[in-house]
Structure formats: structure tokens, C-alpha cells
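Contents: one structure, followed by commentary.
Nothing in this text is a laboratory measurement; each read-out follows from the coordinates by a stated rule. As the structure is a computational prediction, the values presented were derived from the model and not from experiment. Neighbour counts are summed over all protein chains in view; Cβ atoms, including those assigned to glycine, are modelled from backbone coordinates with ideal geometry.
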Amino acid sequence: MKKQLLFTAIFSFFVLTAWAQQDPMYIFYRYNMNLFNPAYAGSGEGAELGLGLRSQWAGVEGAPESQSAIFSMPVGRNIGLGVTVLNDKTFVESQTWVGIDFSYALRLNHSQVLYLGIKGSGNSYNVNSDGLVTYGVGQDGSLSGYDSRFTPNVGVGAYLKADKYFVSLSAPKLLGSDRLQERDGNAYLGEERLHAYLMGGCAFALGNNLELTASSMLRYVDASPISVDMTAMLNFGQRFDLGASYRFRESISGLFLFKVSNSIALGYAYEAAVQSEVYNASQNSHEIFMRLQM
């Protein structure tokens, strides 16, 4: 009985949070910026490939899992191109989102470049409405016989890059699309909410081979509380990064990034929830990241 009550508490929290967040929340957001901002495409020194894997609330049945692949490259002096692929599964939902990024660079001065970007994307979305019965969640008629659907979308962004800092503002999906939502313990077919992201960061030299990078991401989802991530990373000799992150009233994380070579970096993050429902059940999240520079 105690186990059942504990599962019910976790599940209730999971439904309210997972459906509200809608898009994955990455600890390595600074290294996955193409997912959020098309203007980031081509802003690096050369072609970049990033692969990510996130398992949220490991051990909770139906908890969010996502895999991502990001590729971007500069084309000429001012153009950047990119491709983003995100596969995401949450509870009874599954989706595959593919985006094509285009950016244009405007040099403001010798140290500042402003990138403006647009993203064209499409999302294949599916709901296993029969799975709601397993968890005792009710549903309305809009979910009856629901079939997988493909929805096009468009997003925009701006990215200001300087020698020691950056600022990013974006809305990767401006148009609404089908999305499972919850009201009073029942599921219904609603519309995906607008997500907007404001990110920024700066670097501080602490010694010859030591640098501190502080960054933050403010995430706005229509009709939901604002989410704020704050991250600090210590860079040791351009070879190893070690840091911590805090998502306001949600979680704390430890993360590291190891540069295997000048072109390959591997990262891992461990996230612990601070909400009592999930914390008491010892359900935490894991994230793996790999970046290849070409």
C-alpha cells in the first residue's frame, strides 16, 4: 500500500511537470544551442556535430527520454547552415522533430558578431492513448482513435557572440501543434505552447590555465512558470571542464566535459531533483553529450 501511494505521488507530479515542460530540458544547454536557437548555426570555427542522450527521472516508468543530433557549419563568410534532430518519448507520447537552420552573420566590430537565424522544422507526433488506462488516467473524446500526425513549424533567433561573452534570444517553434495536456487528472488533446529562451554567459580568467565560465538560461513557456538554469564551469587548461548547475526550485546538477583531443569532447551530467515527491523516491536524471569538431 505504501509503495502504491508513493508511485501515485510520483506519477501525479510527473504528469503535471512533464506535460507542462513539453520540450526536453538539457543540463548541457550551452552545448546544445542549435536545439533552441537557429542563429547559432555556423557560429563556430568550423563544422560541428553534437550527440546527446538524456534520461530524466531514471527508474520511473514512462519518464522522459530523449536523443538528439546536431550538425552545423559555416558556409562562406556570413552564412551558417545546420540540421537538428530530436527524438523524445514522455509517458504515452513520442515524437521526432527535425529542423533545418539558416543563419546570417553581421559583424558589429572587431570582437562582436550578431547572428540572425531562422529554423524550418517538422514534427512527427504520436500518442498511445490506450496506455493511459495503465496509469488510471482519464481521457476525453479528442484522443479516441488518435493517429500519428506530422506538423510543420518555423522558429527564429538572434545570437550575439563576443570574445568573452554571448547572449542568445530565440523561439524555435512559433506555430502551435497537437500536444497531450492534463486538467483535473484527465488527459486531453491540446496545443503545444510557445517556448522562448533567453541565454547568456561570460568567461573570467582566474590564472594561466584556469578559467571560469558562468552561464544562465531563462525558459518561458506560455501559461507556465518561468524556468531558470544557472551554471558555473571551471576550465582546466582547455582540456577538462568541471561544474555545477541549479534549476530554480527544480534540481541541482554536477557535470563535466573532457576534451579527448582538439576535435572530440565527451560530457556527463548527473541531476538530482529537489522536489520532495521525486527526491524521496531517489529518482534522478542522467545526461551524456559528445561533440565532434571538424
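Charge tally for Ser111 (other residues, Cβ to Cβ under 10 Å; Lys, Arg +1; Asp, Glu -1): +2. Sequentially through region 215-224, phi angles give Karplus couplings (6.51, -1.76, 1.60; θ = phi - 60°) of 9, 8, 10, 9, 10, 10, 10, 3, 6, 10 Hz, Gly and Pro residues having no value and appearing as x. Annotation: amide H-H contacts under 5 Å for Glu192 (H modelled 1.01 Å from N, sequence separation of 5 or more, or interchain): Ser177, Asp178, Arg179. Fully extending the segment from Gln112 to Asn87 would add 5.6 nm, taking 0.36 nm per residue of separation and subtracting the current Cα-Cα distance.
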